[in-house]
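Asks: Quick one: the structure is below, and I'll ask about it shortly.
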Amino acid sequence: MTRIAVVDYGAGNLVSIEQALSAAGAEVVLAHRADSFADADALVVPGVGAAGPAMARLRRRGLEAPIRAWIAAGRPFLGICLGLQLLFEGSDEDGAVTLGVLPGRTVRLSDAPRLPHIGWNQVERQRVHPLFAGIEEDADFYFVHSYAAAPGPGADGVILAQTTHGGRFVSAIARASLAGVQFHPERSGRDGLRLLANFVGLAQAAGAASDRTHVPVLAR
Amino acid sequence: MLRVRVIPCLDVANGRVVKGTRFVDLTDEGDPPTLAERYAVEGADEIVFLDIDAAPDGRGTLLEVVERTARRAFVPLTVGGGVRSVTEMHDVLRAGADKVSFNTAAVRDPGLVRRCARRFGSQAVVVAIDARRRAGPDDPTGGWEVVVKGGRDATGLDALAWAEGAVAAGAGELLVTSIDRDGTGAGYDTPLLRAITDRVHVPVIASGGASGPEDFVAAVRDGGASAVLAASIFHRHRHSIADVKAVMAAAGIPVRLAIGTAR
């Protein structure tokens with residue numbers, strides 16, 4: 001069975017993500033420390049709230065370097081909501097320095113009629129990707145956030161989907177085995193469960209493959 | 001485009017869904033996880049779960065029911081009722097809630113809203129405002145006063161000023177209930193909703209008074225609500241969520257019509 005480690009750093013609702021991944025056919029382990037995800041097939045970093053406190057918790061638990069190393073090695077990774085934003089260099093929300101895997105920053109949504117952006121919205125895909133296999137083009141997913149990632153120069157091609165709330169923002173990214181979604185698949189009904197099942201399938205396939213495509217990670 | 005949400009509300013006492021006219025004549029409406037799952041399948045965009053008994057010794061029961069509900073309904077869950085500290089909010093989120101709603105505790109201590117927003121983010125903090133018209137149930141000229149304990153206690157606070165204060169303290173969303181309309185089926189208090197949605201930039205959930213789909217349309221079109229909440233009209237099968245959304249869509253309001261794939 002595919003083992004998915006969900007990083008538990010005190011970032012809110014883990015019941016839903018655990019249940020949704022289990023429903024998608026994975027064996028889920030909640031990882032408090034790096035040694036508890038070393039032998040997993042895939043890593044999921046969920047999270048809501050502000051970047052600063054989240055990074056402080058990740059660092060206190062010694063998780064920052066192991067997560068960067070995991071991604072650099074080309075092992076399957078999914079960041080959800082704040083877990084996507086943390087992949088970039090920093091956040092305008094509180095000035096936090098984040099994981100710095102990808103070039104770019106987390107910025108406040110521009111021209112939004114109301115913030116936070118709460119509710120179901122369309123995810124406009126920019127290209128075909130197995131994460132969205134079997135999901136209708138105009139499917140709605142559940143969002144709850146005020147900030148979103150703005151990939152910088154050097155992150156060309158990382159954008160997988162965009163969403164409109166006033167202005168347009170990045171709602172999904174993917175590069176090799178690295179993926180991130182700004183919405184909450186674990187709270188997005190049947191389509192969300194399908195996306196998570198697709199991720200579990202990708203993790204399983206990666207586990208069976210002998211070679212990995214390493215992901216270029218920004219130097220520290 | 002962002003969809004307007006239709007939200008069934010489950011009033012929970014002693015681990016069961018109940019409905020009466022605001023805390024009196026309560027009747028049993030079923031098991032929270034069962035109802036929540038039914039609503040999620042029928043197209044609920046979110047579920048609100050209010051612990052109206054909130055007895056100190058009932059917390060364990062509540063957390064257990066929240067967890068069972070979160071495991072069965074893959075739509076967002078907001079839990080309110082009796083949360084009085086950052087630690088208690090943490091417990092409710094750990095049990096599977098996505099957002100926590102504060103009412104009386106926020107009025108007594110706006111610092112609680114600030115502390116919870118700093119710890120968990122504004123998007124997880126909802127402030128519920130129960131408002132009553134000062135000049136009488138049919139007259140909006142005197143403005144609205146904040147009441148607590150299901151309308152039993154007046155606070156003297158102006159509802160519009162408190163709406164701004166709650167947002168300033170860190171609320172990411174307001175759940176606005178008209179105590180004049182709640183349980184009457186007379187429709188949402190759209191002047192109240194409009195007064196609040198004109199003053200704050202966070203989403204506002206309309207509550208209190210729905211009897212039919214046209215009330216939902218009015219809450220959005222006239223009141224400016226981002227989401228519309230109701231309880232008994234869904235529990236009693238008077239209207240399905242799909243019926244309500246079909247009427248809203250026909251009125252030009254963006255709603256999520258499909259639960260799964262085909263639209």
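The values are calculated or read from the model by the stated rules, or taken from the named source; none is laboratory data. Everything quoted here is computed from the prediction, not taken from an experiment. Counting neighbours? That spans all protein chains shown, and the Cβs are built from the backbone with ideal geometry, glycine included. Please note that ligands, DNA and RNA were not included when accessible areas were found on the heavy atoms of the full protein model with its side chains. Shrake-Rupley method; radii C 1.70, N 1.55, O 1.52, S 1.80 Å.
Asks: Can you tell me which residues in segment A:40-58 are charged (D, E, K, R) and open to solvent by less than 10 Å² (accessible area, probe 1.4 Å)?
Replies: Matches in segment A:40-58: none.
Asks: Here are some conditions: (1) surrounded by fewer than 21 Cβ atoms within 10 Å (Cβ to Cβ); (2) within 14 Å of chain B (Cβ to nearest Cβ); (3) in a strand (DSSP E or B). A:Ser171 meets all but one. Which one does it not meet?
Replies: Failing condition for A:Ser171: (1).
Asks: Mind listing whichever residues of segment A:1-19 are open to solvent by 40 Å² or more (accessible area, probe 1.4 Å) and more than 14 Å from chain B (Cβ to nearest Cβ)?
Replies: First, the residues of segment A:1-19 that are open to solvent by 40 Å² or more (accessible area, probe 1.4 Å): A:1, A:3, A:18-19.
Scanning segment A:1-19 gives A:Met1, A:Arg3.
Asks: Suppose the filter is at the interface with another protein chain (Cβ under 10 Å from one of its Cβ atoms) and surrounded by fewer than 23 Cβ atoms within 10 Å (Cβ to Cβ); does A:Glu89 pass it? Can you show your working first?
Replies: Values: at the interface with another protein chain (Cβ under 10 Å from one of its Cβ atoms): no; surrounded by fewer than 23 Cβ atoms within 10 Å (Cβ to Cβ): yes.
Against the criterion (at the interface with another protein chain (Cβ under 10 Å from one of its Cβ atoms) and surrounded by fewer than 23 Cβ atoms within 10 Å (Cβ to Cβ)), A:Glu89 does not qualify.
Asks: A further question on this structure: Scan segment A:20-39 and give yes if some residue there is modelled with pLDDT under 95, open to solvent by 20 Å² or more (accessible area, probe 1.4 Å), within 15 Å of the chain's Cα centre (by Cα) and within 13 Å of chain B (Cβ to nearest Cβ), otherwise no.
Replies: Looking for residues that are modelled with pLDDT under 95, open to solvent by 20 Å² or more (accessible area, probe 1.4 Å), within 15 Å of the chain's Cα centre (by Cα) and within 13 Å of chain B (Cβ to nearest Cβ), one finds none in segment A:20-39, hence no.
Asks: Another question about this same structure. Does segment A:175-190 include one or more residues that are surrounded by fewer than 24 Cβ atoms within 10 Å (Cβ to Cβ) and within 14 Å of chain B (Cβ to nearest Cβ)?
Replies: Yes: one or more hits.
Asks: Further question on the same structure: Tell me which residues, restricted to segment A:93-142, are aromatic (Phe, Trp, Tyr) and in contact (Cβ under 8 Å) with a residue 60 or more places away in the chain.
Replies: A:Trp120, A:Phe132
Asks: So which residues in segment B:83-104 are open to solvent by 20 Å² or more (accessible area, probe 1.4 Å), part of a loop (DSSP other than H, G, I, E, B) and under 18 Å from B:Asp11 (Cβ atoms)?
Replies: From segment B:83-104, those open to solvent by 20 Å² or more (accessible area, probe 1.4 Å) are B:84-88, B:90-91, B:94, B:98, B:103-104; that's our starting set.
Still in the running and part of a loop (DSSP other than H, G, I, E, B): B:84-85, B:98, B:103.
B:Asn103, the sole residue that qualifies.
Asks: Now for a different question. Got a number for residues in segment A:99-150 being acidic (Asp, Glu) and open to solvent by less than 30 Å² (accessible area, probe 1.4 Å)?
Replies: Total satisfying the criteria: 1.
Asks: Please determine, by comparing only the residues of segment B:125-151 that are surrounded by 15 or more Cβ atoms within 10 Å (Cβ to Cβ) and among the charged types (D, E, K, R), which one is farthest from the chain's Cα centre (by Cα).
Replies: Applying the first criterion (surrounded by 15 or more Cβ atoms within 10 Å (Cβ to Cβ)) to segment B:125-151 yields B:125-134, B:140, B:143-148, B:150-151.
Now restrict to residues that are among the charged types (D, E, K, R): B:130, B:132-134, B:145.
Values: B:Asp130: 10, B:Arg132: 16, B:Arg133: 19, B:Arg134: 22, B:Glu145: 18 Å.
Here the answer is B:Arg134.
Asks: Exactly one condition in (1) modelled with pLDDT of 95 or more; (2) over 17 Å from B:Val6 (Cβ atoms) is not met by B:Asp182; state its number.
Replies: Exception for B:Asp182: condition (1).
Asks: Looking at (1) away from chain A (no Cβ under 14 Å); (2) open to solvent by less than 10 Å² (accessible area, probe 1.4 Å); (3) within 28 Å of A:Val123 (Cα to Cα), which is the only condition B:Ala227 fails?
Replies: B:Ala227 satisfies all of (1) away from chain A (no Cβ under 14 Å); (2) open to solvent by less than 10 Å² (accessible area, probe 1.4 Å); (3) within 28 Å of A:Val123 (Cα to Cα) except (1).
Asks: Also, quick follow-up: Kindly provide the set of residues from segment B:216-258 that are more than 30 Å from B:His201 (Cβ to Cβ) and outside any helix (DSSP H, G or I), ordered by number.
Replies: B:Arg236, B:His237, B:Arg238, B:His239, B:Ser240
Asks: Continuing with this model, one more query. For the list (1) without any contact (Cβ under 8 Å) to a residue 40 or more places away in the chain; (2) more than 19 Å from B:Val107 (Cα to Cα); (3) open to solvent by less than 10 Å² (accessible area, probe 1.4 Å); (4) in contact with a helix residue (DSSP H, G or I) (Cβ under 7 Å, 6 or more places away or on another chain), I need the number of the one condition that B:Val200 fails.
Replies: Looking at each condition in turn, B:Val200 falls short on (2).
Asks: Kindly indicate which of A:Asp94, A:Asp140 is closer than 25 Å to B:Met1 by Cα and more than 17 Å from the chain's Cα centre (by Cα).
Replies: Sole residue among the options that is closer than 25 Å to B:Met1 by Cα and more than 17 Å from the chain's Cα centre (by Cα): A:Asp140.
Asks: Moving on to the next point. Please enumerate the residues belonging to segment A:134-168 that are under 23 Å from B:Lys99 (Cα atoms) and assigned to a loop (DSSP other than H, G, I, E, B).
Replies: A:Ser146
Asks: Closer than 28 Å to B:Arg236 by Cβ, open to solvent by 10 Å² or more (accessible area, probe 1.4 Å) and in contact with a strand residue (DSSP E or B) (Cβ under 8 Å, 6 or more places away or on another chain) - does that describe any residue in segment B:105-124? Walk me through it before giving the result.
Replies: So the first thing to find is which residues in segment B:105-124 are closer than 28 Å to B:Arg236 by Cβ, and the list is none.
Looking through segment B:105-124, none of the residues is closer than 28 Å to B:Arg236 by Cβ, open to solvent by 10 Å² or more (accessible area, probe 1.4 Å) and in contact with a strand residue (DSSP E or B) (Cβ under 8 Å, 6 or more places away or on another chain).
Asks: Considering only segment B:20-47, state which residues are closer than 18 Å to B:Gly208 by Cβ and modelled with pLDDT under 70.
Replies: B:Gly20, B:Thr21, B:Arg22, B:Phe23, B:Val24, B:Asp25, B:Leu26
Asks: Inspect segment B:216-224 for any residue being open to solvent by less than 20 Å² (accessible area, probe 1.4 Å), within 14 Å of another protein chain (Cβ to nearest Cβ) and within 15 Å of the chain's Cα centre (by Cα) and give the result as yes or no.
Replies: No, segment B:216-224 contains no residue that is open to solvent by less than 20 Å² (accessible area, probe 1.4 Å), within 14 Å of another protein chain (Cβ to nearest Cβ) and within 15 Å of the chain's Cα centre (by Cα).
Asks: Just one of (1) within 21 Å of A:Val144 (Cβ to Cβ); (2) in contact (Cβ under 8 Å) with a residue 40 or more places away in the chain; (3) open to solvent by 10 Å² or more (accessible area, probe 1.4 Å) trips up B:Ser232, so point out which.
Replies: So B:Ser232 meets the others, but not (1).
Asks: Give the number of residues within segment B:134-188 that are free of Cβ contacts under 8 Å to residues at least 60 places away in the same chain, not small (Gly, Ala, Ser) and not in a loop (DSSP other than H, G, I, E, B).
Replies: The number of residues fulfilling the criteria is 18.
Asks: Does segment B:69-76 contain at least one residue that is crowded, with 24+ Cβ neighbours inside 10 Å, in contact with a helix residue (DSSP H, G or I) (Cβ under 8 Å, 6 or more places away or on another chain) and closer than 25 Å to A:Asp94 by Cβ? Spell out the reasoning first.
Replies: First, the residues of segment B:69-76 that are crowded, with 24+ Cβ neighbours inside 10 Å: B:69-70, B:73-76.
Still in the list and also in contact with a helix residue (DSSP H, G or I) (Cβ under 8 Å, 6 or more places away or on another chain): B:69-70, B:73-76.
Remaining after also requiring closer than 25 Å to A:Asp94 by Cβ: B:76.
Yes, segment B:69-76 contains a residue that is crowded, with 24+ Cβ neighbours inside 10 Å, in contact with a helix residue (DSSP H, G or I) (Cβ under 8 Å, 6 or more places away or on another chain) and closer than 25 Å to A:Asp94 by Cβ.
Asks: Also, quick follow-up: Within segment A:40-76, restricting attention to residues that are within 14 Å of another protein chain (Cβ to nearest Cβ) and not hydrophobic (A, V, I, L, M, F, W, C), which residue is nearest to A:Asp94 (Cα to Cα)?
Replies: Here the answer is A:Gly52.
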